[in-house]
Structures are given as structure tokens and as C-alpha cells.
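See structure below.
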Amino acid sequence: MNFSQSIYKVVFTSVRFGVLFGLLSLISCTEEISPEDANVQRDKDIVPKLVVDGRVTTDTTTHWVRLSLTADLFSTQKVPAVLDAVVTIDDGYEEIELEPYDQVPGVYVTPADYYGVPGRTYSLLVRNVDADGDGEMEEYRAQSELKRVNPVDSVDVGYNKHWGGWTVLLYASEPGETEDFYGFSTSINGKVATNAYSKWGITDDRLFNGSTIRLPVAVVFLPEEDHVVKDGDIVELEMYGITEDFFTFLWGVQREAGFKNPMFSAPPANPKSNVSNGALGFFAAYSVARNHAVVDASKFKK
Amino acid sequence: MKKILTICCLIGLVTIAVGQGLSSNHEYTLSGYIKDATNGELLIGATVVITESNTGVATNAYGYYSLSSKPGKYNVAVGFIGYDTQQLVIDFNQNQELNVSLKPKSETIEEIVVTSEKKDANVREVQMGVQKLKPQSIKQVPVLMGETDVIKVIQLLPGVQAASEGSSGFSVRGGNPDQNLILLDEAPIYNAGHFLGFFSVFNNDAFKGLELYKGDIPASHGGRLSSLLDIRMKDGNSQKISGTGGIGLISSRLTLEGPIVSEKTTFVVSGRRTYMDLFIPLFADEESKDSRVYFYDFNAKVNHTINQNNRIYLSGYFGRDVFLNGDNSMDYGNKTVTARWNHLFSQKLFSNFTFVGSDYDYALGGSPGDGNSFTWKSNLQDWGLRADFDYFYSPKYTIEFGGQSAYHEILPGLVSGDDENSIYNEVKVPENQSLEHAVYLSNVHKLNDKLTLKYGLRFSAFQNMGATTVFDYDDEYEVVGETTYGKREIYKTYTNWEPRFGATYLINPLLSVKGSYSRTVQYMQLATNSTSGTPLDVWFPSSPNVKPQKADQFSVGLFRNFMDNTIETSIETFYKKMYNTVDYKDHANLYLNENLEGELRFGDSQAYGAEFLVRFNRPKWNGWIGYTWSQSKRTIPEINGGKSFLAPYDHTHDVSIVLSYQLSKRLSASANWVYITGNPYTIPVDSYVVGGNPFDPINPDGEVLTGYSDRNAVRMPDYHRLDFSLTLKGKKYDTSRWKGEWVFSMYNAYGQKNAWAINFVRDDNTKPMIIEKTYLFTFVPSVSYNFKF
């Protein structure tokens, strides 16, 4: 299926910082209200569900899968971790069992020399979990193909005076014969700036299919988010080759994370998970390409 | 096409046969036009009644009437509400033409009410669920920022609600906003909103009147399920050059009208421009100072009376919204053109031939001058022809028939880089073309003094036409193939019979009971997944993958007038069943998506309710009190687990009170109060965390997402609001040619913070969930100065 979220994303990023939201902010006010005022009915009988959050990448490192449960809407505790699960990953060549990570409960890790291979399909199997608390153990499965990604040829940092922030430009070539999906993440001097799914840049390849990508990856560093770029800073960009399913999930997360209003927002829904048996979250396999730039502030046209 | 031609011929033949067969040699006909004596404006729905037999007719949409009677001398009363009735003695000894000019009643205060032709038309007419409004009434209702707005007034009628706070989109009897056919001089308007929909495109000064049909849509019209809003522009003052205008807080407007050379040719031009952008520097920061936000409207019309048998009308509308902010720009607007020719084949057979064009387009642009710049365009064009005939066979039979054809062309979206160095490929969602045809025949049949029937049949056809590419989808809505069709190749045809039926039984002159049934079919719909929509939403046609929406509506009502017809009351109940209702999958992508049809999900919906209305038109008091109880539900197998859920426009209770009181000769006060059950919405039931990195010390946990259960299972808080206004007329209002008045108004006078949006926000795992309510418009005062000369 041909998605065009990239354009949507580009345009709506423009628009978000542009006139429409500016106008809305002039005529709207926001205040906190109580759950009773919002007619929230707190159902004590809601059954917890398993949440899977795991990634296998082409980096050689310790990969992890975090298992947790859904929590009460108004809970201020950390979400319950799922302990004692049996977690395996099978890439079609070997099956490995992940070890519980002793520092963080609910996290299961691979050996430190593990890495994903492009073209293989990674299958996750989670057993010995009783999420709904009915005394019977459940099994959950997820699959993700590990897509290839071309190298990042170079990275450049520009300043956008209308957004009052910095954009990261990426140069890479794009394979023409396949329909590809990308995620982007950035860091400044080793500190990850896009440390949530809702902050990742995502795109399909419709606008660049088969050509050179020269893309402001819709990652904006804004001073108000404590992201200030100075002369000499090292800005690193990671480009991920992701599956369409993961793209759809990320798209859903980004739709859910923003401010919702009757003009731009559809009815809310859970981002589409790839885990079976009614679980939430996503198990993703993807390839990583990275490059960096040293910021030359003299190039910024203020 | 052949089929349609055949049906056209058949209808023609039947009509002639009926005409011949029923024709009586012993009757003579009186016919002509009825006008306003002060400005020559043709009066729609004025009545011509033979007092002795109490038989009569009403003028049609072009002010024409034709009344036949047996020979004899009779008293004939020509009347229209708000005008002095003229009593004439007519000798029906030959066919004769008589144009009548009526004088407005000198002492009437301006009615704010929904008016009807005859004082007791509410009780007598067969038509149900229809409301008529005139510009002077609309003007009296207090509105947001003093911008007089027909659509905001319509939203105060029973069975009609705003799509969301301040929106010019409206829902009729639980239907979607795109199920309303909005016609401006017969040209369809595809986006009736300015400024993100907070104002409508209709400049009140340019209009003569409007009619809203809430279900029992006449057979002459179709193509939408829920309602017909028929807005007609003024014809222009034939007596003298005159003007109306106003200076308001956010906009000014001016309308000029008058005769050209002789009273046979008249014109109207009307313009409006907002100047909100002038205020931006006052409160904007440095970066936004060069922003521009404005809209403008232009209406024009020229009419020419060639002779008693031929008149021509040419009218047009052009309006645009412009948003500019540094690199980014957005503009959108409608253009329409209407050319009409009225021709009398005989005194009894009135015809109107119409050519219409309508165009809606938008364009977004960004970052001009560097490789990132792009333009995003979308465009919808309509061209149509229609022929309508009114056959005034006798006071007992008024037969209408005709046909129409329209061509729709939609470019859903085109994004392209602006220069050779552009980094973007061109992305284009293929254009689609379609044809929509209909023929109809209807008759208002007065069986006797008590019982009147109205029956009609409409036959509609819709055809998809190349050149385009159509995708095939499997059960999972994935594309499994595509077919390309050549230019002008018809690749899908839908046909539908649309019966319309109504009956009125007059129990006594003040009390009647009415019933109606109508089937409506809709072939064009708006792709929007939010309740109020945006200017970027795109219309899409029925196609091999999208079946036409259909509705069956049954309605029963009781109508009773009191106190010399100055108080009208009615109860109308309705039940509406809709088929092939369109909804969207979760997180659907409706923009620039050539596989839009794969994002659609189909089901059925139903709505039912009761509408109570009390209107009064007392010497000092005017207004109405409306109450609606209703329910509107959808069942879409692939949404909400197949369980029925409330339509986004479901409101159990809806109360509107609209009052105007004449305090003194110069001063009048108006107020309206609305109370509406809160919008249904979907709330989270639990929360969870994804996207963290246990090895990243800054954000080990990830972000909190909320989990959802049933769609539209709870409601936002109930909505209520009071608005009021004071109108102060100039001292010499009645004597001077220049008539000026000041209008002071307050929108949301007690500052109710009505929820426009409710968001559940939780910044991280350990902080509590916060519920945020966003509201618009509290205490919006405004002042405007209106004038006419």
C-alpha cells in the first residue's frame, strides 16, 4: 500500500509551526479538569494486557525486549514489569533465549555480540506470562523482517528562521525498485534528542523513490525543548530501514501523542501492534545507517 | 444515457397527456409576477387566493404565479407575510396577465422568525421539515464577532446542530455535514466555511432568502442524504440605486444594487473583506509579524427582463481565504457561476433553464527559494445543466418536472517541487471524473379542502468516467490490482429510484397532521475523519469500490397555530435509516492518498427523534423555542469491534431559545440560549509505555500512551451558551434616506467554558495523568455599524 505520510508530515510540520495552530492558539484556552468533569468512568474491572517493546537492529550490541502490563489510567507508579517470562528470538537460522536483565525488571536481553542480518525475518515468542491474571499462562508471537538501508552519505545542519530552530539535512541514495520506509533519530554530542517514538522522523519513499534523498528529516531542534545547537557541536543522524508495519505503528503513535482537537483529529485508537493475542506495543527489526556533522554556525543565515 | 432520455420523453408525454386530458375549456387563467413595491424584488411564495372559493396558488422561486378559475367575477387577495395584502376584483372572462407590487407593512417590527408565506402555511402546506429565513431576520440573531451568518442561525433550528463549537459545518438530524446540499443560486458550494470554518461564505446582505429542507427534500433536488439548503441571491433593486453595508470589528461589507438604464435590467454587487490581519502585529511575536490572515467574498448578479415571457439572470460568487506566514502559505476558496433563463411556454407552463459552474480549490506552499519548496494543490470542479418546469394545471394540481446533468472533476491532490533543484518527486493522486443525472416529476394534489397530497419520483444516475486508474482491493483492503480507463470511458454506472411522498390532513383551519417519506441517494462525499473538518478535506465519488449512500426517512408531525396564527407550534418525529455509511479505519490517511478507498469502512446508520417548535410573532415579541430529542447511531462491522456506536453528531437533548423584544421605536434587544448534550467522544481506559531504551540513562522508560476501548462511549460535558445583542437605530431612521444602526453584541455572555477538545496528557511514567480541556470563545463582545441608503 502506498502511504504518503511523509508529505503529510512535512507539510503538517510546516503548518504546525505555521498559521493554523498559531490562529487556534489565539482563540483557544486550555485548563485542567477533573476526571468527573470529563465524564471518565473508571472501570475497576479492566483486564491488564501485555505490552511488548522490543528491537533487533544491525548493530552488534545487547538487544532487548521489555515486557510490561497496561496500568490504571491515573496510576503514578511505573507500569508493572512482567517477570519470569520465557523470551526467545528466532531469525530462521538460530533461536536464542533472552536473559532477564538484572538492572531493570521486565527487560530481557540478548548476548552483547548479537546483531541482526538484513533480509532475515525475526520471530519473537513470549511464554510463561499471565497478563490477565486468570491463572493460565499465555503465549504471544510477533514477526518483523529486517529491511536493508543504504548508507548515509552525509549530514548537514541548517537553521530555519521561521521555525526558530535547526533542521538536520540528510543525503543518501534511495533504491528505486523497492517501496521503502524510513525512521530517523538524531543526537547532539551523544545525547539522543529524539528519545521517544513520537519524536522520530518517519517517511516513505514516494517523494524520493530511486533518487538522491536530500531531506530535512522533519527533526527540528527547538530552543524551547532545550535543544540548542552551537558551533562545533557534533550532530549525529541515524537512518533506519523499517517495515511498513512498523511505520504504521509509529504513525499511529505520532497521531496519538499530539494535541487532539475536532478540526484535525480523527477518533483516537491504539497504534496497530504486530504482537498476537491482543497485546500492545511492537517488536521491530530494522537496519541502522549513521553519519554525523560538525556544526559550522557561520553557515546559518539568521 | 439512452435510458435517461427515454424517461425524459416519457415524463414529457405523460405531462402533455395529463394536461390535455384534464384540461377544461371553461377556465381562464390569471398569471404574472409578484414583487416588492419598494425595490422590485420578486417575492417567492407570495399567495394569490380567490376569496370566494378559498382556492389559491403561491409564487414559485422566480415570483411567478398562475391561477385558473371558472368564468366569473371574484375577489382575489394577493398577500405575503410582512406585506399589506392587496384585494382585487378580477373578472375571469379571458386569460390575463397581472403583475402585482406589494408594499411592506409600515409598522411591522423586523421579524426574527422563520417566516412562511401565508400566515397559516405552517399548518396548510404539505411540506414537512422545512424552515425559511430572510436576511432581515437573520440579522437580528446575535452571533460571534457580530458577523451575521445564515448558517449560525440555521444551527439554532430544531434538528440542526453545529458540527463543533463555532463551526459553519452543520449536522441535520444526526447526519454528517457533507450530507447537506448547499446551493447558492443553484450552484453547489463544496466548502461553506471561511477562516477554518468559523464563518460561513454567505454574506447576508447579498441574499434574498433561504430554505432549509431537513429531510423531505423536493423531488427536484437530490444528491445528498440529510438536507437541502437553498440560498438565493437578491435580484437587485429595480426602482433606484441603493446600498447596504456594515462596518464590524473584523470585517466590513458593502452591497450596491439598482437598475441599469431601465427597470428591466438590474444588478447587485456585494463585497466583504476581513481585516483581522491588521491586528496581528499587536499581539504576535517577532516571527509572526509578517503573517497575513484574511478572507474576502464577492457576489454579483445581473438580471434582465426581455419581455413578460422571458427573463435572464446571471450571477456569480468568488471568495478566498488567505493565510501567509513567512515561508508557508495556504489559500482556498469557492467560485460559482449561474446563468438562468426563465421562459413562459404558456401562462400555465413556466420553465427555467440553468447552467451552473462551481469550483473549490486550495493550495499550500512552503519554503520558496530553496530545494525544499513545494506546492500542494487540490481542485474540484462542477459543471451542470438543468431544466425545470412548473405546470400550474389548476389550483388543485401543481406539477413540477425536469431534469439535470452535472459533470464532476476532482483532482484530489498534487504535490510538486517548485523549481528544478527540487528534492521532491512529483506526487499526484489521479484525477477522477463523473457524471450525475436525474429526472423528476412531482405533483401537489389538493384532493379536497382537508387533504392534500404531494407525490414525486426522482430517477438518478451516477457514472464514473475515465481517464483514471481504479484500484482493486482484497478483503483486507490491500491493493491487489489496478485498472486504467481511457478518456471519457464510462466504467461504472449506478441508478436509483428516489420516491418522495407527503400528505397533509387539515383537521381544522388551525390544526393539521402531516406525514412524509423520502428516499435520498448520495454519490459524492467528503473524506474527513474529524468532526469539524478542515479546508484540506477532499470530496470523493461513488465508484466500483464505494457504493452510493442511501437514506429512507419517515416523518410524522402535528401542526397547530394559536392566537390568529401569531403563535405556531409543531411536533415532528422522524426515523431515518441510512445505508452504505462511510467511516474510516483507525489512523486512516485521507490526504494525498491514491488508495483512499482502502481506508474506508462501510456500514449502516440510523437516526430518530422528535422536534418541538414554538414560534411566535407577537407585536413586540418575536422568536422561537425549539427542543429536539434524538439519537443517531452507526454500525460499521470493522469499527469498534462491530458494535454500534454513537455518531459523532449525536446529541440527545438540544434546546434553542431565540428571542427578540422591541424595547422602543429605536431600540431592540435579542438573545439566544442553547443547551446541547455533550459530544460523544472516545476516552482512554488504561495507559502503557513504549519506545524507551533501558540502556539510555536519559529516557530509559519510554513514553506513556493511552489505551482505548469503545468508540464514542462517553460524552463531553453538556454545552450551553447565552448570546445577546442590542440594536439601536438612528434618530431619523424612518424618515431619512440614510438609515444607520448600531449593533452591540456579546457572544457567550456568561463565559461558559464549553469543551471543544479534551486531551489526556501524561509527560512521563511517574507523573499523574492530567486531563486538559480546550475551549474557544468566552465573552466575545463586538460592535458593528450597519447602514442602508
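One table, with the values for the structure above:
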| item | result |
| --- | --- |
| Pick from segment B:321-341, criterion among the small types (Gly, Ala, Ser) and within 14 Å of chain A (Cβ to nearest Cβ), ranking: nearest to B:MET233 (Cα to Cα) | B:SER329 |
| Test for B:ASP763: is it farther than 25 Å from B:SER164 by Cα, open to solvent by 30 Å² or more (accessible area, probe 1.4 Å) and either within 14 Å of chain A (Cβ to nearest Cβ) or at pLDDT 90 or above (or both) | yes |
| All strands (runs of 3 or more DSSP E) inside segment B:471-542 with 3 or more residues being aromatic (Phe, Trp, Tyr) | B:490-508 |
| A:VAL117 more than 14 Å from chain B (Cβ to nearest Cβ) and outside any loop (DSSP other than H, G, I, E, B) | no |
| Scope segment B:577-632; condition under 22 Å from B:PRO548 (Cα atoms), modelled with pLDDT under 95 and basic (Lys, Arg); matching residues | B:LYS585, B:ARG601 |
| B:ASN748, sole failed condition from (1) more than 10 Å from chain A (Cβ to nearest Cβ); (2) farther than 22 Å from A:MET263 by Cβ | (2) |
| Answer from B:LEU451, B:LEU435, B:LEU411, B:LEU457 - the residue that is surrounded by fewer than 16 Cβ atoms within 10 Å (Cβ to Cβ) and out of contact with any Gly (no Cβ under 7 Å at 6 or more places or on another chain) | B:LEU451 |
| Qualifying residue in segment B:582-589 (condition: open to solvent by 40 Å² or more (accessible area, probe 1.4 Å), within 25 Å of the chain's Cα centre (by Cα) and either more than 30 Å from A:GLN254 (Cβ to Cβ) or of a type in the set (D, E, K, R) (or both)) | no |
| Criterion: modelled with pLDDT under 90 and hydrophobic (A, V, I, L, M, F, W, C) - qualifying residue of B:VAL261, B:VAL268, B:VAL302 | B:VAL261 |
| Subset of segment B:690-736 (residues that are in a loop (DSSP other than H, G, I, E, B), closer than 30 Å to B:GLU638 by Cβ and free of Cβ contacts under 8 Å to residues at least 60 places away in the same chain) | B:SER709, B:MET716 |
| Which listed residue is more than 14 Å from every other protein chain (Cβ to nearest Cβ), farther than 30 Å from B:LEU510 by Cβ and out of contact with any helix residue (DSSP H, G or I) (no Cβ under 7 Å at 6 or more places or on another chain), from B:LYS550, B:LYS576 | B:LYS550 |
| Qualifying positions in segment B:180-199 - surrounded by fewer than 24 Cβ atoms within 10 Å (Cβ to Cβ) and under 11 Å from B:LEU225 (Cβ atoms) | B:LEU181 |
| Lone unmet requirement of (1) within 11 Å of chain A (Cβ to nearest Cβ); (2) out of contact with any Asp or Glu (no Cβ under 6 Å at 6 or more places or on another chain); (3) in a loop (DSSP other than H, G, I, E, B) for B:GLY678 | (2) |
| Output for segment A:29-56, where each listed residue is aliphatic (A, V, I, L, M), open to solvent by less than 20 Å² (accessible area, probe 1.4 Å) and in contact (Cβ under 8 Å) with a residue 40 or more places away in the chain | A:LEU50, A:VAL51, A:VAL52, A:VAL56 |
| Strands (runs of 3 or more DSSP E) within segment B:201-247 that include 2 or more residues at pLDDT 90 or above and open to solvent by less than 20 Å² (accessible area, probe 1.4 Å) | B:227-233, B:242-247 |
| Residue in segment A:161-173 that is nearest to A:ASN291 (Cα to Cα), counting only those that are modelled with pLDDT of 75 or more and surrounded by fewer than 19 Cβ atoms within 10 Å (Cβ to Cβ) | A:TYR171 |
| Helices (runs of 4 or more DSSP H) lying entirely in segment B:115-187 (those with 2 or more residues that are at pLDDT below 80) | B:121-124, B:135-140 |
| Failed item, numbered, when B:PRO412 is tested on (1) closer than 21 Å to B:PRO548 by Cβ; (2) at pLDDT 95 or above | (2) |
| Number of the condition not met by B:LYS767 [criteria: (1) within 29 Å of the chain's Cα centre (by Cα); (2) within 30 Å of A:LYS191 (Cα to Cα)] | (1) |
| Selection within segment A:35-94 - hydroxyl-bearing (Ser, Thr, Tyr) and within 18 Å of A:PRO111 (Cβ to Cβ) | A:THR57, A:THR58, A:THR60, A:THR61, A:THR62, A:THR88, A:TYR93 |
| Tally of residues being within 25 Å of B:GLN136 (Cβ to Cβ), away from chain A (no Cβ under 14 Å) and of a type outside the set (Ser, Thr, Tyr) across segment B:182-217 | 21 |
| Residues of segment A:61-77 that turn out to be under 25 Å from A:ASP45 (Cβ atoms), at the interface with chain B (Cβ under 10 Å from one of its Cβ atoms) and touching a strand residue (DSSP E or B) at 6+ places or on another chain (Cβ under 8 Å), as a count | 8 |
| Qualifying residues in segment B:326-348 (those that are aromatic (Phe, Trp, Tyr) and in contact with a Lys or Arg (Cβ under 9 Å, 6 or more places away or on another chain)) - the one least open to solvent (accessible area, probe 1.4 Å) | B:TYR332 |
| Wholly enclosed strands (runs of 3 or more DSSP E) of segment A:57-113 bearing at least 3 residues in contact (Cβ under 8 Å) with a residue 60 or more places away in the chain | A:64-69 |
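Residues are listed down the side, and each one gets a yes or a no for (1) within 8 Å of chain B (Cβ to nearest Cβ); (2) surrounded by fewer than 22 Cβ atoms within 10 Å (Cβ to Cβ):
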| position | (1), (2) |
| --- | --- |
| A:GLY252 | yes, yes |
| A:ARG255 | yes, yes |
| A:PHE259 | yes, yes |
| A:PRO271 | yes, no |
| A:ASN274 | no, yes |
| A:PHE283 | no, no |
| A:TYR286 | no, no |
| A:ARG290 | no, yes |
| A:VAL294 | no, yes |
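Residue-by-condition table, conditions (1) out of contact with any Ser or Thr (no Cβ under 9 Å at 6 or more places or on another chain); (2) more than 27 Å from B:ARG386 (Cβ to Cβ); (3) in contact (Cβ under 8 Å) with a residue 60 or more places away in the chain; (4) of a type outside the set (Ser, Thr, Tyr):
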{"residue": "B:PRO158", "(1), (2), (3), (4)": "no, yes, yes, yes"}
{"residue": "B:SER168", "(1), (2), (3), (4)": "no, no, no, no"}
{"residue": "B:GLY174", "(1), (2), (3), (4)": "no, yes, yes, yes"}
{"residue": "B:LEU181", "(1), (2), (3), (4)": "no, no, no, yes"}
{"residue": "B:LEU184", "(1), (2), (3), (4)": "no, no, yes, yes"}
{"residue": "B:PHE198", "(1), (2), (3), (4)": "no, yes, no, yes"}
{"residue": "B:VAL201", "(1), (2), (3), (4)": "no, no, yes, yes"}
{"residue": "B:ASN204", "(1), (2), (3), (4)": "no, no, yes, yes"}
{"residue": "B:LYS208", "(1), (2), (3), (4)": "yes, no, yes, yes"}
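Yes/no per residue for (1) open to solvent by 20 Å² or more (accessible area, probe 1.4 Å); (2) of a type in the set (Lys, Arg); (3) at pLDDT 95 or above:
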site: B:TYR362; (1), (2), (3): no, no, no
site: B:GLY366; (1), (2), (3): no, no, no
site: B:GLY369; (1), (2), (3): yes, no, no
site: B:THR375; (1), (2), (3): yes, no, no
site: B:SER378; (1), (2), (3): no, no, no
site: B:TRP383; (1), (2), (3): yes, no, yes
site: B:TYR397; (1), (2), (3): yes, no, no
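The values are calculated or read from the model by the stated rules, or taken from the named source; none is laboratory data. Values in this document were obtained by computation on a predicted structure and should not be read as measured data. Using ideal geometry, Cβ is built from the backbone for each residue, glycine included, and neighbour counts are taken over all protein chains shown. For accessibility, only protein heavy atoms count, side chains too; no ligands or nucleic acids. Shrake-Rupley method; radii C 1.70, N 1.55, O 1.52, S 1.80 Å.
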